[in-house]
1. Student exercise: in the range 21-168, how many lysine pairs 8 or more apart or on different chains have Cα atoms under 30 Å apart?
2. Output ³J(HN,Hα) for the range 46-61: one whole-Hz value per residue in order, computed from phi by the Karplus curve 6.51 cos²θ - 1.76 cosθ + 1.60 with θ = phi - 60°, and x for Gly and Pro.
3. For residue 155, project a label point 7 Å along Cα to C-beta. Then give me every residue of the range 1-20 with its amide nitrogen under 20 Å of that point.
4. Rounded to the nearest 0.05, what FRET efficiency do residue 85 and residue 119 have when you use their Cβ-Cβ distance and R0 = 30 Å?
5. List, in order, the whole-Hz ³J(HN,Hα) value for each residue of the range 152-158 obtained from phi through the Karplus relation with A = 6.51, B = -1.76, C = 1.60 and θ = phi - 60°; use x for Gly and Pro.
6. Tell me the per residue accessible area of the chain using a 1.4 Å probe; a whole number in Å² is fine.
7. Taking the mean number of other Cβ atoms within 10 Å as a proxy for protection, how do you rank 37-44, 138-145 from highest to lowest?
8. Given the peptides 130-136, 45-51, arrange them by the average over their residues of other C-beta atoms within 10 Å, most packed first.
Amino acid sequence: MNRYTVAVLVKNQSGVLNRVTSMFRRRQFNISALTVSETESPDFSRITVLFDGEESKKEQLVDQLYKLPDVCSIKQLENENSINRELLLIKMQNTPDTRSDIHDAAEAFGAKTVDYTRDCVTLQLTGNSRKIDDFINLMRDYIIVEICRTGIVSLEKGSSTLRSELNI
C-alpha cells in the first residue's frame, strides 16, 4: 500500500469539503491527515489530503474528484518536488525531575516553548511528519498531558502552482 499527498483546489462554497471527503469514504480510503484553508483568493479553498491506498484506486479517485462541479484542480505532491510541514502543540507535565530533559529535547528538535506554568509546559514544533513523529516518540518517555497536531500542508517547489492547472 502506498501513501499519497493530494492537493485539491475547490470553489470556496458551503458543502464542498463534505462532497470531497465523501468521495474518499466511498472509495474506502482512510484519510491520515486533512488540511483545509482559504487560498490567496477568497473564491478558492485548498484541501490537502494524506491517505494510503493502491495506485489504481487512487487514479480512479482522482478521476471521480474531477467530476465534482466544485473541484477546480488536483495535484499529487511527491516528497521530492514539494515542501511539506506540520505543526505540533504538545503539553508536557512539568516536574523538577523532568524539566531539564524536556527542555534539552525541545532545544535539540528546535521546538519553541509557547506556554509555561509550574505544572505544564507547552511546546510548538514545525517540520515534516517524520520529525514530528520522532519528537512525540521521544516525549513518550515523560508524561504527555495533551497533543494537538495539524494535518500536512504542502506546496510544490519552484514556480508551479495548483491554480496553473484549473479545470473550470
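The values are calculated or read from the model by the stated rules, or taken from the named source; none is laboratory data. What you see is a predicted model; the values in this text were computed from it and never measured. Methodologically, a virtual Cβ is constructed for each residue, glycine included, from the backbone with ideal geometry; neighbour enumeration extends over all protein chains shown. In case anyone asks, the SASA skips ligands and DNA or RNA and just uses the protein heavy atoms, side chains included. Shrake-Rupley method; radii C 1.70, N 1.55, O 1.52, S 1.80 Å.
1. Within the range 21-168, the lysine pair count is 17.
2. Per-residue couplings from phi come out as 10, 10, 10, 10, 10, 8, 10, x, 8, 4, 5, 5, 5, 4, 4, 4 Hz.
3. The answer is 5-12, whose backbone nitrogens lie closer than 20 Å to the label point.
4. 0.50
5. 6, 10, 8, 10, 5, 6, x
6. So the chain comes to 58 Å² accessible per residue, rounded to a whole number.
7. Final packing ranking: 138-145, 37-44.
8. The most tightly packed comes first, giving 45-51, 130-136.
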